[in-house]
């Protein structure tokens, strides 16, 4: 398998990690005032938090993937290699 495929599989894992971390609420701050953004809905996220959360989640997902990740990228790469050899 080429280095390009390995990089793409790692990138795919990073995308999955971003979604998982965002769903888990990573990087979200809990304001002192439940209605910190002033929109009356008591949402736990002030408007500026979205940008900071995105930066935090992106950096964390990238760091996890670079340090070996959860194995999703390697599993995908292995599956692709197996499919490629079985089609020959």
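The values are calculated or read from the model by the stated rules, or taken from the named source; none is laboratory data. All values reported here derive from a predicted model rather than from experimental measurement. With ideal geometry, Cβ positions are generated from the backbone for all residues, glycine too; neighbour counts draw on all protein chains shown.
Taking the criterion of being under 12 Å from residue 12 (Cα atoms) and surrounded by 17 or more Cβ atoms within 10 Å (Cβ to Cβ), the residues of the range 56-71 that qualify are 61, 65, 69.
Residues in the range 1-13 include at least one that is part of a loop (DSSP other than H, G, I, E, B), at pLDDT below 90 and under 27 Å from residue 86 (Cβ atoms). Taken over the range 31-51, the residue count meeting the criterion of being at pLDDT 65 or above and either surrounded by 14 or more Cβ atoms within 10 Å (Cβ to Cβ) or not in a helix (DSSP H, G or I) (or both) is 1.
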